[in-house]
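Chemist: This is the structure, below, for whatever I ask next.
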Amino acid sequence: MSALATRAAQRRGGIRAHVRLAACAAFLLAAMLPVATLHAQAYPAKPLKIVVPFPPGGSTDVAARTLAVKLAEAFGQPVYVENKPGAGTTIGAAYVAASAPDGYTLYVTGPVTHASSQALYKKLPYDALRSFAPVGNMTVSPFIVVVHPSSRARTLGELLEAARKEPGRLSYASSGNGAAPHLATEIIARAAGVTFTHVPFKGVGPALVALLGNQVDFMIADVAVVPQIREGRLRALALTTARPSPLVPGVPSMVEAGMPGVDLPSGLALFAPAGTPAAVVARINAAMNRALEDPEVRQKFAVQGFEIQTGTPEELGRMMAREIERYGQVVRQTGISID
């Protein structure tokens with residue numbers, strides 16, 4: 001065989017090899033796509049678990065159990081709630097972060113608490129953003145700035161003006177060092193250019209007792225204090241959100257109170273471990289959003305002080321990035337630390 005013929009044969013052999021490789025690659029790609037699709041279609045094939053980082057009986061626990069019932073109906077599989085309280089929600093979060101990313105372990109928590117833990121704890125066994133797959137928002141609710149009814153401050157503006165005249169004299173209670181209301185108060189103080197004296201308590205109950213007893217000047221609390229507001233035992237000065245809330249009608253928002261740059265909502269969201277297939281996340285998100293549109297669910301959530309607010313995984317992911325930056329900044333500025 002001539003050299004020319006030999007080179008031609010080699011070229012033909014090389015072309016055939018490339019064709020075979022391309023065919024194999026195409027076959028593998030085609031084989032992989034149905035696997036992902038079939039995984040999402042087959043999901044769920046066994047019971048699911050929703051982890052709640054608080055003890056049973058609280059508002060987050062009730063919300064998670066209400067959602068679990070509806071997800072069980074949608075998926076045709078049992079959905080259990082497992083409470084893993086402690087260490088400012090980080091025990092439950094660490095458990096979920098270390099769980100298999102298969103869509104069978106989910107996590108209901110407050111985005112603010114979850115985001116702030118990244119800055120408050122120096123040695124977390126997880127990353128609040130990268131260790132979790134956002135599924136979607138569930139609820140939104142405001143914090144409320146409240147004072148004793150004997151307080152001279154009848155508006156947030158009057159409270160801030162008093163703080164400007166006597167820096168550090170006014171005291172505020174919180175449910176603990178680094179708790180969401182503590183951080184929210186410090187954000188408002190910095191936005192207004194004032195200083196307050198922080199009086200931390202071990203839980204919401206003791207902090208509320210101190211305010212009801214007129215032992216501190218004010219506190220930022222969640223909507224659980226609405227009964228005391230209605231009874232006249234507390235006076236609401238403002239919500240911490242940029243818009244009014246149907247949960248607390250008649251109480252001015254931050255915009256209405258003269259602080260348009262402040263928006264500090266509370267709420268709940270659903271997460272899964274990082275690496276959970278996007279198709280599975282999308283299916284959970286769709287089932288959750290449908291469940292939260294149910295009038296019965298809305299009524300049960302309203303009793304717990306939650307206004308339904310759903311969305312996409314992408315929206316929750318962007319919100320978490322913003323919250324981690326915002327609360328990280330206030331922690332760095334104030335030097336607040338848990339450990």
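Read the figures in this text as sums done on the coordinates, not as results from a lab. This one's a predicted model, so the numbers in the text were calculated from it and none came from an experiment. Cβ coordinates were reconstructed from backbone atoms using ideal geometry, including for glycine residues, and neighbour counts include every protein chain displayed.
Chemist: Under the Kirkwood approximation applied to all pairs of distinct alpha-carbon atoms, what is the hydrodynamic radius of the range 144-239 in Å?
Modeler: 13.0 Å
Chemist: Going Cα to Cα from Lys123, which lysines come in below 28 Å? Please leave out same-chain ones fewer than 8 positions away.
Modeler: Qualifying lysines at Cα under 28 Å: Lys49, Lys84, Lys202.
Chemist: Further question: With θ set to phi - 60° and the Karplus curve 6.51 cos²θ - 1.76 cosθ + 1.60, what are the ³J(HN,Hα) couplings of the range 163-175 in order, to the nearest whole Hz, using x for Gly and Pro?
Modeler: Calculated HN-Hα couplings, in order: 5, 5, 5, 9, x, x, 6, 6, 10, 9, 8, 9, 7 Hz.
Chemist: For the range 144-239, what proportion of DSSP beta bridges, expressed in % and rounded to the nearest 5, is antiparallel?
Modeler: Among the beta bridges of the range 144-239, antiparallel pairing accounts for roughly 55 percent.
Chemist: Rank the residues Thr197, Thr109, Thr310 as a footprinting-exposure proxy: fewest other Cβ atoms within 10 Å of their Cβ go first.
Modeler: Thr197, Thr310, Thr109
Chemist: Moving on to the next point. Just how far, in whole angstrom, is the range 278-339 from the range 43-83 if you go by their alpha carbon centroids?
Modeler: One Cα centre to the other: 16 Å.
Chemist: Moving to a separate point now. If neighbour count is taken as other Cβ atoms inside 10 Å, put Ser171, Ser141, Ser337, Ser150 in order from fewest to most.
Modeler: Ordered by Cβ neighbours within 10 Å, fewest first: Ser150, Ser337, Ser171, Ser141.
Chemist: Can you pull out the GluC sites (Glu not before Pro) in the range 203-305 whose DSSP state is coil and whose Cβ has at most 14 other Cβ atoms within 10 Å?
Modeler: Glu231, Glu293
Chemist: Considering just Cα atoms, how many Å³ per residue does the convex hull of the chain enclose?
Modeler: Convex hull of Cα atoms, per residue: 174 Å³.
Chemist: To continue, here is another question. Using a cut-off of 15 Å between beta-carbons, work out the net charge of the residues near Glu166 (Lys and Arg +1, Asp and Glu -1, Glu166 not included).
Modeler: +1
Chemist: Considering only Leu212, Leu237, Leu67, give the residue with the highest GNM mean-square fluctuation for the chain, with springs between Cα atoms whenever their separation is below 10 Å.
Modeler: Comparing Leu212, Leu237, Leu67 in a Gaussian network model of the chain, the most mobile one is Leu212.
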